[in-house]
Amino acid sequence: MIIETLSVFPEMFTTPMNTSILGIARRKGILEFHAHDLREWTHDRHRTTDDQPYGGGQGLLMKCDPVFEALDELESPKHNPIPAKTIFFTPSGEPFSQALATELAQESRLIFVCGRYEGFDERVYTRADRCISLGDYVLTGGELAAMVVSDAICRLLPGVLGDEASPYEESFSEGLLEFPQYTRPAVCRGLEVPAILLSGDHGKVDAWRRMEAIRKTALLRPDLLETADLTPEEKTFANGVCNGTAD
Ligand code: SAM
(Lines give C-alpha, C1' and ligand atoms only; values in the text may rest on other atoms or scores of the structure.)
Protein backbone atom coordinates (compact mmCIF):
# COMPACT_ATOMS: atom_id res chain seq x y z
CA MET A 1 0.00 0.00 0.00
CA ILE A 2 1.31 3.41 -0.96
CA ILE A 3 -0.09 6.52 0.75
CA GLU A 4 0.92 9.97 -0.47
CA THR A 5 -0.29 13.17 1.15
CA LEU A 6 -0.48 16.64 -0.34
CA SER A 7 -0.56 19.53 2.14
CA VAL A 8 1.13 22.78 3.12
CA PHE A 9 2.40 21.22 6.37
CA PRO A 10 4.08 17.95 5.31
CA GLU A 11 6.29 18.06 8.41
CA MET A 12 3.24 17.27 10.55
CA PHE A 13 3.35 13.67 9.34
CA THR A 14 6.92 12.93 10.41
CA THR A 15 6.44 11.54 13.91
CA PRO A 16 2.96 9.93 13.63
CA MET A 17 3.87 8.13 10.42
CA ASN A 18 7.15 6.83 11.88
CA THR A 19 5.92 5.71 15.29
CA SER A 20 4.64 2.36 16.55
CA ILE A 21 2.55 0.27 14.14
CA LEU A 22 2.77 2.73 11.23
CA GLY A 23 6.55 2.96 11.62
CA ILE A 24 6.85 -0.83 11.79
CA ALA A 25 4.63 -1.20 8.69
CA ARG A 26 6.91 1.18 6.81
CA ARG A 27 10.08 -0.57 7.94
CA LYS A 28 8.58 -3.93 6.92
CA GLY A 29 7.80 -2.46 3.48
CA ILE A 30 4.06 -3.04 3.85
CA LEU A 31 3.35 0.70 3.83
CA GLU A 32 5.17 3.20 1.64
CA PHE A 33 4.46 6.78 2.70
CA HIS A 34 5.34 10.15 1.14
CA ALA A 35 4.28 13.59 2.42
CA HIS A 36 4.39 16.13 -0.43
CA ASP A 37 4.56 19.88 0.09
CA LEU A 38 1.86 21.58 -1.99
CA ARG A 39 4.10 24.66 -2.21
CA GLU A 40 6.37 22.69 -4.55
CA TRP A 41 3.74 23.30 -7.21
CA THR A 42 3.57 27.09 -6.83
CA HIS A 43 5.44 29.55 -9.07
CA ASP A 44 5.56 32.84 -7.17
CA ARG A 45 8.16 34.15 -4.76
CA HIS A 46 5.87 33.64 -1.73
CA ARG A 47 4.85 30.12 -2.79
CA THR A 48 1.19 31.12 -2.46
CA THR A 49 -1.43 28.38 -2.08
CA ASP A 50 -4.39 30.50 -0.88
CA ASP A 51 -6.38 33.55 -1.93
CA GLN A 52 -9.47 35.58 -1.01
CA PRO A 53 -12.88 34.11 -1.85
CA TYR A 54 -14.88 35.57 -4.73
CA GLY A 55 -18.01 37.26 -3.42
CA GLY A 56 -16.28 38.27 -0.20
CA GLY A 57 -16.33 36.54 3.15
CA GLN A 58 -13.87 35.73 5.88
CA GLY A 59 -10.61 33.88 5.52
CA LEU A 60 -8.67 32.49 2.60
CA LEU A 61 -9.31 29.57 0.28
CA MET A 62 -6.85 27.06 -1.11
CA LYS A 63 -6.27 27.85 -4.77
CA CYS A 64 -7.01 25.39 -7.59
CA ASP A 65 -3.82 25.70 -9.60
CA PRO A 66 -1.25 24.23 -7.20
CA VAL A 67 -3.60 21.33 -6.40
CA PHE A 68 -4.29 20.63 -10.08
CA GLU A 69 -0.60 20.79 -10.98
CA ALA A 70 0.39 18.58 -8.07
CA LEU A 71 -2.23 15.97 -8.96
CA ASP A 72 -1.26 16.10 -12.65
CA GLU A 73 2.19 15.00 -11.54
CA LEU A 74 1.33 12.63 -8.66
CA GLU A 75 -1.35 10.81 -10.65
CA SER A 76 0.85 10.43 -13.75
CA PRO A 77 2.36 7.01 -14.56
CA LYS A 78 5.73 8.77 -14.78
CA HIS A 79 5.54 9.55 -11.05
CA ASN A 80 4.20 6.08 -10.23
CA PRO A 81 2.68 3.53 -12.65
CA ILE A 82 0.39 2.15 -9.91
CA PRO A 83 -3.06 3.76 -10.37
CA ALA A 84 -4.08 5.90 -7.41
CA LYS A 85 -7.36 6.92 -5.82
CA THR A 86 -7.38 10.61 -4.91
CA ILE A 87 -9.17 11.49 -1.70
CA PHE A 88 -9.93 14.96 -0.38
CA PHE A 89 -10.61 15.67 3.28
CA THR A 90 -13.52 18.01 3.94
CA PRO A 91 -16.31 18.27 6.54
CA SER A 92 -18.70 17.89 3.58
CA GLY A 93 -17.37 14.42 2.70
CA GLU A 94 -18.79 10.98 3.43
CA PRO A 95 -18.37 10.08 7.11
CA PHE A 96 -15.32 7.92 7.79
CA SER A 97 -16.08 4.49 9.24
CA GLN A 98 -14.53 1.09 9.79
CA ALA A 99 -16.34 -0.12 6.65
CA LEU A 100 -14.71 2.64 4.62
CA ALA A 101 -11.30 1.87 6.16
CA THR A 102 -11.73 -1.77 5.12
CA GLU A 103 -12.69 -0.70 1.58
CA LEU A 104 -9.70 1.64 1.26
CA ALA A 105 -7.33 -1.02 2.61
CA GLN A 106 -8.00 -2.95 -0.64
CA GLU A 107 -6.47 -0.13 -2.74
CA SER A 108 -2.84 -0.15 -3.88
CA ARG A 109 -2.19 3.59 -3.83
CA LEU A 110 -3.98 6.50 -2.19
CA ILE A 111 -3.36 10.23 -2.55
CA PHE A 112 -4.74 12.23 0.37
CA VAL A 113 -5.31 15.94 -0.25
CA CYS A 114 -5.45 18.04 2.92
CA GLY A 115 -7.01 21.48 3.12
CA ARG A 116 -6.21 24.43 5.40
CA TYR A 117 -7.65 27.90 6.01
CA GLU A 118 -11.32 28.04 4.91
CA GLY A 119 -10.93 24.95 2.73
CA PHE A 120 -10.62 24.52 -1.03
CA ASP A 121 -11.88 26.36 -4.08
CA GLU A 122 -14.85 24.12 -5.00
CA ARG A 123 -13.34 23.29 -8.42
CA VAL A 124 -10.61 21.10 -6.91
CA TYR A 125 -13.23 18.46 -6.15
CA THR A 126 -13.47 17.67 -9.88
CA ARG A 127 -10.28 15.67 -9.18
CA ALA A 128 -11.69 13.73 -6.23
CA ASP A 129 -12.41 10.01 -6.38
CA ARG A 130 -13.92 10.47 -2.94
CA CYS A 131 -14.29 13.10 -0.26
CA ILE A 132 -14.07 12.00 3.36
CA SER A 133 -15.13 13.69 6.59
CA LEU A 134 -13.88 12.58 9.98
CA GLY A 135 -17.11 13.73 11.61
CA ASP A 136 -19.39 16.65 12.25
CA TYR A 137 -16.78 19.04 13.56
CA VAL A 138 -14.22 21.34 11.96
CA LEU A 139 -10.47 20.76 12.20
CA THR A 140 -7.92 23.42 11.34
CA GLY A 141 -6.53 21.24 8.57
CA GLY A 142 -6.82 17.93 6.76
CA GLU A 143 -3.45 16.57 7.93
CA LEU A 144 -4.84 15.08 11.14
CA ALA A 145 -7.70 13.54 9.15
CA ALA A 146 -5.16 11.99 6.75
CA MET A 147 -3.22 10.55 9.70
CA VAL A 148 -6.34 9.09 11.30
CA VAL A 149 -7.43 7.47 8.05
CA SER A 150 -3.88 6.21 7.31
CA ASP A 151 -3.72 4.67 10.79
CA ALA A 152 -7.11 2.96 10.49
CA ILE A 153 -6.26 1.57 7.04
CA CYS A 154 -2.71 0.52 7.84
CA ARG A 155 -3.62 -1.72 10.77
CA LEU A 156 -5.91 -3.69 8.42
CA LEU A 157 -3.11 -4.51 5.97
CA PRO A 158 -1.99 -8.14 6.09
CA GLY A 159 1.14 -8.59 8.20
CA VAL A 160 0.90 -5.26 10.03
CA LEU A 161 -0.58 -6.52 13.31
CA GLY A 162 0.98 -9.55 14.94
CA ASP A 163 -2.24 -11.56 14.93
CA GLU A 164 -3.84 -11.07 11.50
CA ALA A 165 -7.29 -11.93 12.79
CA SER A 166 -7.26 -9.28 15.49
CA PRO A 167 -8.55 -6.24 13.52
CA TYR A 168 -11.57 -8.27 12.55
CA GLU A 169 -12.55 -8.99 16.16
CA GLU A 170 -12.67 -5.35 17.16
CA SER A 171 -15.35 -2.71 17.56
CA PHE A 172 -17.40 -2.11 14.39
CA SER A 173 -15.90 -5.08 12.51
CA GLU A 174 -19.18 -7.02 12.83
CA GLY A 175 -21.39 -4.00 13.33
CA LEU A 176 -20.99 -4.27 17.11
CA LEU A 177 -18.76 -2.72 19.75
CA GLU A 178 -16.01 -4.96 21.05
CA PHE A 179 -16.77 -7.23 24.03
CA PRO A 180 -15.19 -6.20 27.38
CA GLN A 181 -11.58 -7.35 27.76
CA TYR A 182 -9.52 -8.05 30.91
CA THR A 183 -5.90 -8.85 31.75
CA ARG A 184 -4.06 -9.87 34.94
CA PRO A 185 -4.56 -9.67 37.89
CA ALA A 186 -7.83 -11.61 38.22
CA VAL A 187 -8.82 -9.33 41.10
CA CYS A 188 -7.78 -5.67 41.16
CA ARG A 189 -8.91 -3.46 44.06
CA GLY A 190 -11.79 -5.83 44.64
CA LEU A 191 -12.85 -5.77 40.97
CA GLU A 192 -13.07 -9.32 39.62
CA VAL A 193 -12.61 -10.62 36.09
CA PRO A 194 -15.77 -12.51 34.96
CA ALA A 195 -15.29 -16.13 36.07
CA ILE A 196 -16.08 -17.56 32.63
CA LEU A 197 -12.91 -15.99 31.20
CA LEU A 198 -10.85 -18.00 33.70
CA SER A 199 -12.67 -21.27 32.93
CA GLY A 200 -10.53 -22.32 29.97
CA ASP A 201 -13.70 -23.31 28.09
CA HIS A 202 -13.18 -21.56 24.73
CA GLY A 203 -16.69 -22.32 23.46
CA LYS A 204 -18.27 -20.70 26.50
CA VAL A 205 -15.84 -17.78 26.35
CA ASP A 206 -16.75 -17.14 22.67
CA ALA A 207 -20.48 -17.30 23.45
CA TRP A 208 -20.06 -14.95 26.44
CA ARG A 209 -18.04 -12.48 24.36
CA ARG A 210 -20.68 -12.42 21.65
CA MET A 211 -23.50 -11.71 24.10
CA GLU A 212 -21.41 -9.10 25.97
CA ALA A 213 -20.62 -7.35 22.66
CA ILE A 214 -24.35 -7.22 21.97
CA ARG A 215 -25.07 -6.00 25.52
CA LYS A 216 -22.43 -3.26 25.32
CA THR A 217 -23.66 -2.14 21.90
CA ALA A 218 -27.28 -2.09 23.08
CA LEU A 219 -26.32 0.01 26.10
CA LEU A 220 -23.84 2.42 24.48
CA ARG A 221 -24.62 2.51 20.76
CA PRO A 222 -28.12 1.12 20.13
CA ASP A 223 -28.08 2.82 16.70
CA LEU A 224 -25.53 0.20 15.55
CA LEU A 225 -27.98 -2.65 16.21
CA GLU A 226 -30.10 -1.59 13.25
CA THR A 227 -27.48 -2.90 10.80
CA ALA A 228 -25.73 -5.54 12.96
CA ASP A 229 -26.06 -9.15 11.81
CA LEU A 230 -27.98 -10.74 14.73
CA THR A 231 -29.88 -14.01 15.08
CA PRO A 232 -33.55 -13.77 16.24
CA GLU A 233 -32.44 -14.82 19.78
CA GLU A 234 -29.72 -12.18 19.79
CA LYS A 235 -32.21 -9.54 18.64
CA THR A 236 -34.53 -10.48 21.50
CA PHE A 237 -31.61 -10.22 23.94
CA ALA A 238 -30.55 -6.82 22.50
CA ASN A 239 -34.11 -5.50 22.78
CA GLY A 240 -34.22 -6.75 26.36
CA VAL A 241 -31.00 -4.86 27.16
CA CYS A 242 -32.41 -1.70 25.56
CA ASN A 243 -35.68 -2.06 27.53
CA GLY A 244 -33.93 -2.99 30.76
CA THR A 245 -35.59 -6.42 30.89
CA ALA A 246 -32.56 -8.61 29.97
CA ASP A 247 -30.32 -10.26 32.61
N1 SAM B 1 -14.75 26.16 5.75
C2 SAM B 1 -14.75 24.73 5.73
C3 SAM B 1 -16.16 24.20 5.99
O4 SAM B 1 -16.91 24.87 6.68
O5 SAM B 1 -16.48 23.10 5.52
C6 SAM B 1 -13.81 24.16 6.77
C7 SAM B 1 -12.38 24.33 6.43
S8 SAM B 1 -11.30 23.60 7.62
C9 SAM B 1 -11.00 24.93 8.70
C10 SAM B 1 -9.80 23.40 6.76
C11 SAM B 1 -9.52 22.02 6.25
O12 SAM B 1 -9.49 21.10 7.32
C13 SAM B 1 -10.53 21.45 5.28
O14 SAM B 1 -10.31 21.88 3.96
C15 SAM B 1 -10.30 19.95 5.43
O16 SAM B 1 -9.25 19.49 4.61
C17 SAM B 1 -9.91 19.82 6.89
N18 SAM B 1 -11.03 19.42 7.75
C19 SAM B 1 -11.65 20.16 8.68
N20 SAM B 1 -12.60 19.47 9.30
C21 SAM B 1 -12.62 18.25 8.76
C22 SAM B 1 -13.40 17.08 8.96
N23 SAM B 1 -14.39 17.03 9.86
N24 SAM B 1 -13.13 15.99 8.22
C25 SAM B 1 -12.15 16.01 7.30
N26 SAM B 1 -11.37 17.10 7.04
C27 SAM B 1 -11.60 18.20 7.77
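The values are calculated or read from the model by the stated rules, or taken from the named source; none is laboratory data. Fair warning: this is a prediction, and the values are worked out from it, not measured in the lab. When we count neighbours, we look across all protein chains shown, and the Cβ atoms used for this are built from the backbone with ideal geometry, even at glycine. Calculation scope for accessible area: heavy atoms of the full protein, side chains included, ligands and nucleic acids excluded. Shrake-Rupley method; radii C 1.70, N 1.55, O 1.52, S 1.80 Å.
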Per residue, how much accessible surface does the chain expose to a 1.4 Å probe? Answer in Å², no decimals.
58
Counting only protein chains, not ligands or nucleic acids, how are Lys78, Lys85, Lys204 ordered by accessible area (probe 1.4 Å), most first?
Lys78, Lys204, Lys85
Unit-weight point scatterers at every alpha-carbon of region 122-180, Debye formula, q = 0.16, 0.23, 0.24, 0.29 1/Å: log10 I(q)/I(0) is -0.73, -1.06, -1.08, -1.19
Taking all protein chains in place and a 1.4 Å probe, what share, in percent, of the accessible surface of region 2-154 do carbon and sulfur account for?
51
Förster-model FRET efficiency, 41 Å R0, Lys78 and Glu226, C-beta, rounded to 0.05
0.30
Surrounding net charge for Asn18, when Lys and Arg each add one and Asp and Glu each subtract one, Cβ distance under 10 Å
+2
What residues qualify as long-range amide H neighbours of Leu157, i.e. H under 5 Å apart, gap of 5 or more or another chain, H built at 1.01 Å from N?
none
Each residue of region 4-11 in turn: what ³J(HN,Hα) in whole Hz from Karplus with 6.51, -1.76, 1.60 and θ = phi - 60°, glycine and Pro shown as x?
10, 10, 10, 7, 8, 10, x, 5
Order Cys188, Cys131, most accessible first, counting only protein heavy atoms with a 1.4 angstrom probe.
Cys188, Cys131
Residue by residue through region 112-123, which ³J(HN,Hα) values in whole Hz follow from phi under the Karplus form 6.51 cos²θ - 1.76 cosθ + 1.60 (θ = phi - 60°), with glycine and proline marked x?
9, 9, 10, x, 8, 6, 8, x, 9, 3, 4, 5
Rounded to 5, percent antiparallel among DSSP beta bridges of the chain
15
Which translational diffusion coefficient, to the nearest whole µm²/s, is obtained for region 24-86 from the Stokes-Einstein equation, given a Kirkwood hydrodynamic radius over C-alpha pairs, 10 °C and 1.306 mPa s?
112
Relative contact order for the chain using alpha-carbon pairs under 8 Å, separation at least 6, rounded to a whole percent?
18
Give me the distance between the Cα centres of region 191-247 and region 101-124, rounded to whole Å.
37
Quick one: which residues, 5 or more positions from Gly93 or on another chain, have an amide H under 5 Å from its amide H? H modelled 1.01 Å from N in the peptide plane, none for Pro or chain starts.
Ser133
Taking N as the number of residues in region 170-243, what is its Cα Rg relative to 2.2 N^0.38 Å?
1.18
Mind putting together the pair-distance distribution for the chain? All Cα pairs, 10 Å bins, whole percent per bin, short to long.
6, 24, 27, 20, 14, 7, 2, 0
Can you compute the helix-only [θ] at 222 nm over the chain? Use -39500 (n - 2.57) per DSSP H run of at least 4 residues, normalise by all residues, nearest 500 deg cm²/dmol.
-8500 deg cm²/dmol
Taking amide H positions as placed 1.01 Å from N in the peptide plane, with prolines and chain starts having none, which residues 5 or more places from Thr5, or on another chain, fall under 5 Å of its amide H?
His34, Ala35, His36, Phe112
